[in-house]
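Inspection log for the structure reproduced underneath, given as structure tokens.
The values are calculated or read from the model by the stated rules, or taken from the named source; none is laboratory data. Only a predicted model underlies this, so the values are computations on that prediction, with no experimental measurement involved. Counting neighbours? That spans all protein chains shown, and the Cβs are built from the backbone with ideal geometry, glycine included.
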Amino acid sequence: MSIDLDQVTPQNDVVFKMIFADPKHERVLLHFLNSAIEVKSPITKVKILNSELTADHVSQKGSRLDIQAETNSGELIDIEMQVGADEHMVGRTLFYWSRLFAGELQVSDNYGKLRRTISINILNFKLFHKDARYWRKCHLTDDESHEIITDLLEIQFVELNKLKQFTKESPLTFWIEFFKNPYSEECKELYKFVPELKEAREIFEAAKADPVKRRLIQEREESVRNFNHAISSATERGIEEGKKIGIEKGKAEGAQQKAIETAKKLLEMGLKAEQVSEATGLSVAEIEKLK
């Protein structure tokens, strides 16, 4: 089945990476990072640590196409776009955050060389159902005083579907609108005063027009669709197997209960345990318990 690229959005993680991991468009990523991360002074420079985007990686089922970057102040950043619901998202995030956090520490290094590491997860599903906030920032804090113990750890969850309308006081909401639909009326208004956002749309359109990048986008869409189909099929098979097991178990329990009722009646009629056992299939020990 062919993929309609007109239906593809910046939520496609290949497109997401094409937009933000291109060194020629550094100011786009800088604007996004300064919208999401609180620092003493604005981030002015960023270095992409994993800019590669190969066909093998794109077509790999379930592969992770995140963006890892280093700011001019030394912070390590990991950004991921996650479209499909993942009940283990928090554990997944901690795992990848910890790998980036500890990954550059050499055996001879002391712990003072550990750097502030920030994980930003952009989600097209609701992870925290009881909370209406679209943006959640998490740190290590004291349970009683709520004091932040260290700023070395920061994990963010941005839930796209929870934002109702962008606000000029929060530039991150501009990007949420863009991720949801770069051609919406809201985005058309934003492009008038946010040049970085307009530039991101131009990168998006150029990617869809480039034959090589189009192919990568299509392969990613197909890979994700096949992966989701495999998961769905496995789930359906599991449900069917569960139903069959349940039916068989129910039949067995029903037969057992019927044998017990019959045994009780035969005992009331004065038959011996051995005779009842022969008639019902229950063991003599089971019948003795019924007495």
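For this structure, a couple of remarks:
- Strands (runs of 3 or more DSSP E) wholly inside region 108-222 that include at least 2 residues being assigned by TED's automatic domain parsing to the domain that holds SER98, closer than 28 Å to ALA85 by Cα and of a type in the set (D, E, K, R): 135-141, 148-159
- One residue from GLU52, GLU80 being among the acidic types (Asp, Glu), assigned to a strand (DSSP E or B) and either closer than 30 Å to VAL212 by Cα or in contact with a Gly (Cβ under 7 Å, 6 or more places away or on another chain) (or both): GLU80
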